[in-house]
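**Student:** Before anything else, here's the structure in question.
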Amino acid sequence: MQQTFRALIAEMGGQVFDKMPDQTKGYGIARGGEIIHELGTVRMGSDPSKSAVDANCRAHDVKNLFVTDGGPFVSQADKNPTWTIMALSMRTSEFIAQESKRGTL
């Protein structure tokens, strides 16, 4: 990925001033949980045999369990997922509030 971004920057006329991270710098990869965005551990989908949560991030098997982090993502985009996680969390919280008012949770 480092080489790809460096090539893109160069193609656009930019210049990278930092050296390419080597083995002593872990090749630019951080330990899990440090700055890496873990995604996709709780697949979202309509088929309970192929996914853990539905489109509202509600567990198929536990109706009052919701997952509102990066777990429901089915793939990893090349960018920081924070805004998408926040939007998904807000949408899910609105669904939870509606269902609570209806008395279905």
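**Student:** Which residue, Met12, Met90, Met44, has the most motion in a Gaussian network model of the chain that connects Cα atoms within less than 10 Å?
**Tutor:** Sorting by GNM fluctuation, first place goes to Met12.
**Student:** Treating only the Cβ of Lys, Arg, Asp and Glu as charged (+1, +1, -1, -1), what charge dipole size does the chain show about its Cα centre? Round to the nearest 20 debye.
**Tutor:** The dipole of the chain has a size of about 160 debye.
**Student:** Would you be so kind as to identify which of Ser49, Ala97, Leu8 lies farthest towards the positive end of the dipole of the chain, taking Lys and Arg as +1 and Asp and Glu as -1 on Cβ and the Cα centre as origin?
**Tutor:** The one lying farthest along the dipole's positive direction is Ala97.
**Student:** Provide, for the chain, the number of lysine pairs with alpha carbons under 23 Å apart, each pair being eight or more places apart or on different chains. If you can, show how the numbers build up before the last one.
**Tutor:** Values: Lys19/Lys79; Lys25/Lys79; Lys50/Lys63; Lys63/Lys101.
Lysine pair count for the chain: 4.
**Student:** How large is the Kirkwood hydrodynamic radius of segment 1-96, in angstrom, based on all distinct alpha carbon pairs?
**Tutor:** On the way: mean 1/r = 0.0629 Å⁻¹.
The Cα-based Kirkwood calculation yields 15.9 Å.
**Student:** List the chymotrypsin sites (Phe, Trp or Tyr not before Pro) within segment 1-87 that fall in a DSSP loop (any state other than H, G, I, E or B) and whose Cβ has at most 15 other Cβ atoms within 10 Å. Walk me through the numbers before you get to the answer.
**Tutor:** On the way: sites: Phe5, Phe17, Tyr27, Phe66, Phe73, Trp83; in loops: Phe17, Phe73.
Loop-located and lightly packed - Phe17.
**Student:** Same structure again: With a 1.4 Å probe and every protein chain left in place, work out the accessible area per residue of segment 34-100 in Å², rounded to a whole number.
**Tutor:** I get 66 Å² per residue for this part.
**Student:** Of the heavy-atom accessible surface of segment 33-105 (probe 1.4 angstrom), what whole percent is carbon and sulfur?
**Tutor:** The C+S portion of the solvent-accessible surface of segment 33-105 is 56 percent.
**Student:** Next question. Where is the GNM fluctuation largest for the chain (alpha-carbon springs, 10 angstrom cutoff): Gly14, Gly71, Gly26?
**Tutor:** Largest GNM mean-square fluctuation: Gly14.
The values are calculated or read from the model by the stated rules, or taken from the named source; none is laboratory data. Just so we're clear, the structure is a prediction, and the values are computed from it rather than from any experiment. A quick note on method: Cβ atoms are made from the backbone with ideal geometry, for glycine too, and the neighbour counts reach across all protein chains shown. Calculation scope for accessible area: heavy atoms of the full protein, side chains included, ligands and nucleic acids excluded. Shrake-Rupley method; radii C 1.70, N 1.55, O 1.52, S 1.80 Å.
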